[in-house]
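> Mind looking over this structure? Questions follow.
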Amino acid sequence: MVRPIEAYREAGVLPPDDPLRLQLHNELHARPTPRIRLPALVLQVAVRHEGVSREAELEHLRRLSGLGELELDQLAGTYLRLRLPGGSLRWERHTEFSTYTLVQGMPSLEPSPEVNLLEHLIVDPAWLRGIPGRTLSAVKLVMLEGPVEKALEIARPWFGGGPVVASMMGRGGHSCAVTDFRLRPNGFERMVVVAPPGTSETRAGRIAARLLEMEAYRMMALLGFPLARALRPMLFESEQALAQITARIRDENKADAELLDELEALAARVEHAIAEHSYRFSATAAYHALVQARLAELRETPIPGTQTIGEFLQRRFSPAMATVESTAARLAALSQRIERAGALLRTRVDIALETQNQELLNKLRRGQELQYQLQRTVEGLSIAAISYYVVGLLYYLFKAGKEAGLPLSPELAAGLAIPGVVLGVWWLTRQIHHRLLGRYQGD
């Protein structure tokens, strides 16, 4: 039988596929929503897989083969579902973390905060302990059947009577989620969902997926909070240093080169912080948006006298996200202010250099004018000197003519020739000057 994806290719009714078409289209089905039959116990462990390869995680999954014959229900590059005796295990690899979600039937136990659900898992707790990576989130989700209007009465025994937060979920309140967001000694936090009998497996799977994803994304979002708090002293010091540098820019007695060095050192410090933490702050914003989306999908309605899950998160989670957002904004604003201060200081340096260059040009111009005047003086002296030598030569010429018998007086002839010689030398000098000047301007 030809599958639909192959049938249309064989029919040739469409142009060739884009190389990414199939991958992009199937992204919607990459992580299908689980189907959960109530009552059920859902356990999820989310670990940061920094330094852990996908092959290492798959090798750890293969160790479950000792529990019986495994069937690969769905296999994708970042998703794997294993059928186990009594339940199933889902592995999902995200950008920064991986989740291991175990779904099994709910064991018959009396509800109590001290009950150890790990003793009733269909996998060895040692296998959970050996998951490669560092634990970020661990949730035991107890999903029970019962009347929703009595959900708090059903769920409270699992928390020992302590304060809890609860939300009616869905249009018309089709189910109720209860938790206290507290870590138990075994490292897990506990959630309880109460849904009416007859709740479909698909709806139960969606409820579990939204709650578990909300918690995993919440923890990933909070990774930026310690960094934001650690950066506050550096930001305060840098802002103070920039304010001082900006004030000193007005001081004419302060060396601009020294201010530039200090400003460059401050800019390097801030840019290093941005380069080191910008990814984490951007990831925090993305995870925060996912948490908000999952909360919106829950469609919470309050239970009188009890905080909803969204209200509880709003109390501390939202301020933490605001701290991260404001820190990222302060870093970006500080970088821009340093850039503006640097531009201002460079403008001042450029103006000072331009003033110095103008003064230097004025000195050069005055020197050229003086040189020109000296040249004109030398020119005048050179005309007199050349005229003197030419008249001397003419004198000897006239004297030779007299000796040859010409009727002339050498002294008188030389004296009469002086104005013409001076005028001729001056004219010749001017012609040479104009010719050289014309060549210079032509070049």
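> May I ask you to list pairs of residues, at least six apart or on different chains, whose Cβ atoms are under 7 Å apart, with the first in region 257-272 being within 20 Å of A332 (Cα to Cα) and the second being open to solvent by less than 30 Å² (accessible area, probe 1.4 Å) and among the charged types (D, E, K, R)?
If the second residue must be open to solvent by less than 30 Å² (accessible area, probe 1.4 Å) and among the charged types (D, E, K, R), no pairs are left.
> Go through the residues of region 407-423 one by one and say whether even a single one is open to solvent by 90 Å² or more (accessible area, probe 1.4 Å) and not in a helix (DSSP H, G or I).
In the first step, residues of region 407-423 are kept if they are open to solvent by 90 Å² or more (accessible area, probe 1.4 Å); the result is 407, 411-412, 416, 423.
Narrowing further to those that are not in a helix (DSSP H, G or I): 407.
Yes, region 407-423 contains at least one residue that is open to solvent by 90 Å² or more (accessible area, probe 1.4 Å) and not in a helix (DSSP H, G or I).
> Which residue out of R348, R366 is under 60 Å from the mean Cα position of the chain (by Cα) and over 29 Å from T429 (Cβ atoms)?
Exactly one residue qualifies, and that residue is R348.
> Which of the residues that make up region 220-235 are open to solvent by 50 Å² or more (accessible area, probe 1.4 Å) and either over 28 Å from the mean Cα position of the chain (by Cα) or in contact (Cβ under 8 Å) with a residue 40 or more places away in the chain (or both)? Reasoning before the result, please.
First, pick out the residues of region 220-235 that are open to solvent by 50 Å² or more (accessible area, probe 1.4 Å): 226-227, 229-230, 232-233.
Those that are open to solvent by 50 Å² or more (accessible area, probe 1.4 Å) and either over 28 Å from the mean Cα position of the chain (by Cα) or in contact (Cβ under 8 Å) with a residue 40 or more places away in the chain (or both): L227, R229, R232.
> Return only the number of the condition from (1) touching a residue at least 60 places away in the same chain (Cβ under 8 Å); (2) in contact with a Leu (Cβ under 7 Å, 6 or more places away or on another chain) that P132 does not satisfy.
Here P132 meets the rest and fails (2).
> Residue by residue through region 304-333, note down the ones that are of a type outside the set (F, W, Y), open to solvent by 30 Å² or more (accessible area, probe 1.4 Å) and in contact with a strand residue (DSSP E or B) (Cβ under 7 Å, 6 or more places away or on another chain).
Hit for region 304-333 is Q307, nothing else.
> Output the residue which, of all residues in region 50-73 that are part of a loop (DSSP other than H, G, I, E, B) and modelled with pLDDT of 60 or more, is farthest from G133 (Cα to Cα).
It comes out as S53.
> Within region 114-128, is there a residue that is modelled with pLDDT of 90 or more, under 25 Å from L222 (Cα atoms) and assigned to a strand (DSSP E or B)?
no
> So is P196 open to solvent by 30 Å² or more (accessible area, probe 1.4 Å), modelled with pLDDT of 90 or more and in contact with a Pro (Cβ under 7 Å, 6 or more places away or on another chain) or not?
Yes.
> Sort through R365, R340 and tell me the only one that's within 30 Å of S282 (Cβ to Cβ), open to solvent by 90 Å² or more (accessible area, probe 1.4 Å) and without any contact (Cβ under 8 Å) to a residue 40 or more places away in the chain.
Only one candidate qualifies: R340.
> Mind checking which pairs have a first residue in region 294-321 that is at negative phi and a second that is of a type in the set (D, E, K, R) and part of a loop (DSSP other than H, G, I, E, B), Cβ under 8 Å, 6 or more apart or different chains?
T308/E300; I309/E300; G310/E300
> Please pick out the residue among R250, R294 that is in a loop (DSSP other than H, G, I, E, B) and either at pLDDT 90 or above or over 29 Å from T95 (Cα atoms) (or both).
Testing whether each residue is in a loop (DSSP other than H, G, I, E, B) and either at pLDDT 90 or above or over 29 Å from T95 (Cα atoms) (or both) leaves just R250.
> Look through region 95-119, keep the residues that are small (G, A, S) and either under 20 Å from I309 (Cβ atoms) or out of contact with any Ser or Thr (no Cβ under 9 Å at 6 or more places or on another chain) (or both), and return whichever of them is surrounded by the most Cβ atoms within 10 Å (Cβ to Cβ).
Within region 95-119, the first condition is being small (G, A, S), and the residues that meet it are 98, 105, 108, 112.
Remaining after also requiring either under 20 Å from I309 (Cβ atoms) or out of contact with any Ser or Thr (no Cβ under 9 Å at 6 or more places or on another chain) (or both): 105, 108, 112.
Working: G105: 14, S108: 7, S112: 11.
Out of the qualifying residues, it is G105.
> So, V139, is that one hydrophobic (A, V, I, L, M, F, W, C) and part of a strand (DSSP E or B) or not?
Answer is yes for this residue.
> From I131, I122, grab the single residue that is open to solvent by less than 40 Å² (accessible area, probe 1.4 Å), β-branched (V, I, T) and under 17 Å from F188 (Cβ atoms).
I131
> Taking the stated definitions as given, is R316 within 21 Å of the chain's Cα centre (by Cα), at pLDDT below 90, among the basic types (K, R) and part of a helix (DSSP H, G or I)?
Considered against the rule, which asks whether it is within 21 Å of the chain's Cα centre (by Cα), at pLDDT below 90, among the basic types (K, R) and part of a helix (DSSP H, G or I), R316 comes out as no.
The values are calculated or read from the model by the stated rules, or taken from the named source; none is laboratory data. Computed from a predicted structure; not experimentally measured. Glycine gets a Cβ as well: all are built from the backbone with ideal geometry, and neighbour counts include every protein chain shown. In case anyone asks, the SASA skips ligands and DNA or RNA and just uses the protein heavy atoms, side chains included. Shrake-Rupley method; radii C 1.70, N 1.55, O 1.52, S 1.80 Å.
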